[in-house]
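The structure appears right after this line, and notes come after that.
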Amino acid sequence: MQTRHNKLNSNQIQMLLLVFKYRYVTAALLARHKGTNKSAATKSLRILLEQEYIDRRYDNSYRLLGKSASYCLTPKGIKVVKEDADKDEGALRAIYKDRKATDSFIEHNLSVMEALVQLKSLYGSHLMYFTRSQVMGFDIFPNPGPPLYMRESEPAENEEPKEYMLEIYTDTLAWIIRKRIDEYITHFDEEGWSKGRHYPTLLFVAPNKRIEKHLQKYVETARDDAYIPDKDLIFMTTTVKDLFTRSNMFIWTNVTDLGGRCRL
């Protein structure tokens, strides 16, 4: 591969910042995120790949499985991102390991990106969206932080902005999700939230309806065991299918009120 060394333009730097945000990206998801076509996103990624700012994960097994190539930052790309003063050093150090990430890690990060793109299509500018890479270093969050944190962009007058922390599981055993629920309950009980604000609503995206119903029952029991009132720690659930395929905002179920799907 012949490497070109042209100076990066602002669009290319923004592309690298997007790769930092999501850790792994595909051309199709980038196209949806930026509102452009896939061929334009592929061309932009190819140029950055040729200049060795990003690396590509793709082999024959991807072709057999119908999977798209995925891209992450190289040390050269990380150096560019590092020039942004808002980037946490811990987040940057973690990204150095991305080139050797497992397939499950890559798939999870791509599902987070797809979830964010889908939520933006449903809720638009009503919410602001931040990934784990962006909130790393803020000690108000549990450790590890949520894959996706969202905050209301324009709250009603004299009201605090609504906040959300989202966990997504596309193919995960129920006990692993239960463990994460316990971690949030412990964080709520021991750390709380910043400046007396209401703890963010916890959004759990389950692999299927069976596990979703199981988690709803577990949340009720776990909250009761911790003596936490329902209104103080709100859980909402949905499934991967409902999140990715529904075209309206009514995709969530409040665990306290199982009367049907609702919006945020």
With unit charges on the beta carbons (Lys and Arg positive, Asp and Glu negative) and the dipole taken about the Cα centre of region 10-101, which residue among L92, Q14, C72 sits farthest to the positive side? C72
Under the Karplus relation with 6.51, -1.76 and 1.60 and θ = phi - 60°, whole-Hz ³J(HN,Hα) for region 126-132, x at Gly and Pro, equal 4, 10, 9, 10, 9, 8, 4
Magnitude of the charge dipole, region 207-246, Cβ model with Lys/Arg +1 and Asp/Glu -1, debye to 20: 340 debye
If you rank V255, V135, V205 by fewest surrounding Cβ atoms within 10 Å, what's the result? V135, V255, V205
Full-extension gain between L258 and A174, please, as 0.36 nm times their residue separation minus the C-alpha to C-alpha distance. 28.3 nm
In nm, spacing of pseudo-spin labels at S61 and F130 (7 Å Cα→C-beta vector): 3.6 nm
With +1 on the Cβ of every Lys and Arg and -1 on the Cβ of every Asp and Glu, and nothing else charged, how large is the dipole of region 109-262 about its Cα centre, in debye rounded to the nearest 20? 660 debye
Relative contact order for the chain: what is it in percent, counting Cα pairs under 8 Å that are at least 6 residues apart? 13 percent
Mind checking which of T186, Y199, A174 is farthest towards the positive end of region 157-215's charge dipole, using Cβ charges of +1 (Lys, Arg) and -1 (Asp, Glu) about the Cα centre? A174
Mind putting a number on the dipole of the chain about its Cα centre? Charges go on the C-beta only, +1 for Lys and Arg and -1 for Asp and Glu, and I need it in Debye to the nearest 20. 1560 debye
On full extension of the chain, what length is gained from K7 through D88, given 0.36 nm per residue of separation minus the C-alpha to C-alpha distance? 26.7 nm
With mean projected area of the Cα convex hull in nm² defined as stated, name the option among (1) 16.3; (2) 14.5; (3) 15.6 computed from the structure displayed. (3)
How far apart, in nm, are two points set 7 Å out from the Cα along the Cα-to-Cβ line at N208 and at K34? 3.7 nm
Could you please rank W193, W175, W252, placing first whichever residue has the fewest other Cβ atoms within 10 Å of its Cβ? W175, W193, W252
Under 20 Å from the Cα of K162 - aspartates and glutamates, other chains or at least 8 residues apart: D139, E152, E154, D189, E191, D230, D232, D257
Taking every alpha carbon pair in region 109-262, what does the distance histogram look like in 5 angstrom bins from 0, in percent? 2, 9, 19, 24, 23, 17, 7, 1, 0
At what distance in angstrom do the alpha carbon centres of region 134-151 and region 68-111 lie from each other? 16 Å
Estimated inter-spin distance, D232 and E190, nm [label 7 Å along Cα→Cβ]: 1.7 nm
Could you order peptides 194-204, 107-117 by the average number of other Cβ atoms within 10 Å of their residues, highest first? 107-117, 194-204
Listed here are the pairs K38/K82; K87/K120; K21/K79; K34/K209; K7/K43; K120/K179; which of them are more than 25 Å apart at the Cα? K38/K82; K34/K209; K120/K179
Show me 42-49, 59-66, 123-130 ranked by packing, highest mean number of other Cβ atoms within 10 Å first. 42-49, 123-130, 59-66
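Bear in mind these aren't lab numbers, they're just calculated from the coordinates by the rules spelled out. A quick note: this is a predicted structure, and the numbers were derived from the prediction, not measured. Note: ideal-geometry Cβ built from the backbone for every residue, glycine included; neighbour counts use all protein chains shown.
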